[in-house]
Amino acid sequence: DTGVSQDPRHKITKRGQNVTFRCDPISEHNRLYWYRQTLGQGPEFLTYFQNEAQLEKSRLLSDRFSAERPKGSFSTLEIQRTEQGDSAMYLCASSPRSGGYTFGSGTRLTVV
Amino acid sequence: QKEVEQNSGPLSVPEGAIASLNCTYSDRGSQSFFWYRQYSGKSPELIMFIYSNGDKEDGRFTAQLNKASQYVSLLIRDSQPSDSATYLCAVRGNTDKLIFGTGTRLQVFP
């Protein structure tokens, strides 16, 4: 069990550029989640997968955000045409069928 | 009304005291309840979770549920300066996602 791995740890991008983040969950976990967290707030749900199926997506998530988990293992989160309001910590977590999530270290995105 | 509400704090307690953290939730159908600790600049780490059927104790931590009043509490006994962090309450309803509160900042002073 090597934990949940996220890459990159930090990303600085110019407004309007596309960015992609990767998450490698704990291998035995079939559920994978993406959250976003800004300063002083709790993590905000974005989307989650059970194996390769995307089961829920937040209504707050704009069309510029897309996530995939093609083989039920790692996942990617892409943000197109980034805006300054996208600056946040993007957290990935995985879990077994029941119980709590294990979070990765996060990807801190700064849009300039 | 937010789905999960927490007092943002800070809650300041002296070393060795009991720290009591609370959160309220709006969905009566919520089935499990989680407490995470988050140090500044780090990601949340799970402390403990309970189901709707009872309380739980783990070392210095006790999680309690009051279903009638829809609140969850976390007690930290013998608080240490290393416990100083933000504590996030999260609730799971009838889907797999967790809904988080905004967190309570705890400060334990020597």
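The values are calculated or read from the model by the stated rules, or taken from the named source; none is laboratory data. Source: prediction; values computed, not measured. Here the Cβ is made from the backbone with ideal geometry for all residues, glycine too, and neighbour counts use every protein chain on show.
Quick rundown of the values:
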| quantity | calculated |
| --- | --- |
| Residue check, A:Leu60 at pLDDT below 95 and out of contact with any helix residue (DSSP H, G or I) (no Cβ under 9 Å at 6 or more places or on another chain) | yes |
| Filter result (over 13 Å from the mean Cα position of the chain (by Cα), surrounded by 15 or more Cβ atoms within 10 Å (Cβ to Cβ) and among the small types (Gly, Ala, Ser)) within the stretch A:40-70 | A:Gly42 |
| Only listed residue being at pLDDT 95 or above and small (Gly, Ala, Ser), chosen from B:Gly16, B:Gly41, B:Gly29 | B:Gly16 |
| Elements of type strands (runs of 3 or more DSSP E) contained in the stretch A:12-80, each with 1 or more residues being touching a residue at least 40 places away in the same chain (Cβ under 8 Å) and over 22 Å from B:Phe100 (Cβ atoms) | A:19-24, A:75-79 |
| So B:Ser52, is it more than 10 Å from chain A (Cβ to nearest Cβ), over 25 Å from A:Gly104 (Cα atoms) and touching a residue at least 24 places away in the same chain (Cβ under 8 Å) | no |
| Among residues of the stretch A:1-25, those that are within 11 Å of A:Ser94 (Cα to Cα) and either within 10 Å of the chain's Cα centre (by Cα) or modelled with pLDDT under 95 (or both), counted | 2 |
| Complete set of residues in the stretch B:79-96 that are surrounded by fewer than 14 Cβ atoms within 10 Å (Cβ to Cβ), within 12 Å of chain A (Cβ to nearest Cβ) and free of Cβ contacts under 8 Å to residues at least 40 places away in the same chain | B:Thr95 |
| Filter result for the condition that a residue is more than 10 Å from chain A (Cβ to nearest Cβ), in contact with a strand residue (DSSP E or B) (Cβ under 7 Å, 6 or more places away or on another chain), hydrophobic (A, V, I, L, M, F, W, C) and at negative phi, over B:Ile76, B:Ile99 | B:Ile76 |
| Residue that is farthest from the chain's Cα centre (by Cα), among those in the stretch A:90-111 that are more than 10 Å from chain B (Cβ to nearest Cβ) and surrounded by fewer than 19 Cβ atoms within 10 Å (Cβ to Cβ) | A:Pro96 |
| Contacts under 6 angstrom Cβ, first residue in the stretch B:1-18 being within 30 Å of B:Gly29 (Cα to Cα), partner surrounded by 12 or more Cβ atoms within 10 Å (Cβ to Cβ) and of a type in the set (Phe, Trp, Tyr), 6 or more apart | B:Val4/B:Tyr25 |
| Residue check for B:Tyr71: in contact (Cβ under 8 Å) with a residue 60 or more places away in the chain and in contact with a Phe, Trp or Tyr (Cβ under 9 Å, 6 or more places away or on another chain) | no |
| Among (1) within 22 Å of A:Gln41 (Cβ to Cβ); (2) within 14 Å of chain A (Cβ to nearest Cβ); (3) in contact with a Lys or Arg (Cβ under 8 Å, 6 or more places away or on another chain), the one test that B:Ser30 misses | (2) |
| Residue that is within 14 Å of another protein chain (Cβ to nearest Cβ) and on the phi < 0 side of the Ramachandran plot, where the choices are A:Arg15, A:Arg36, A:Arg64 | A:Arg36 |
| Residue match in the stretch B:4-14 (condition: under 29 Å from A:Arg9 (Cβ atoms), within 14 Å of the chain's Cα centre (by Cα), buried (at least 17 other Cβ atoms within 10 Å of the Cβ) and not acidic (Asp, Glu)) | yes |
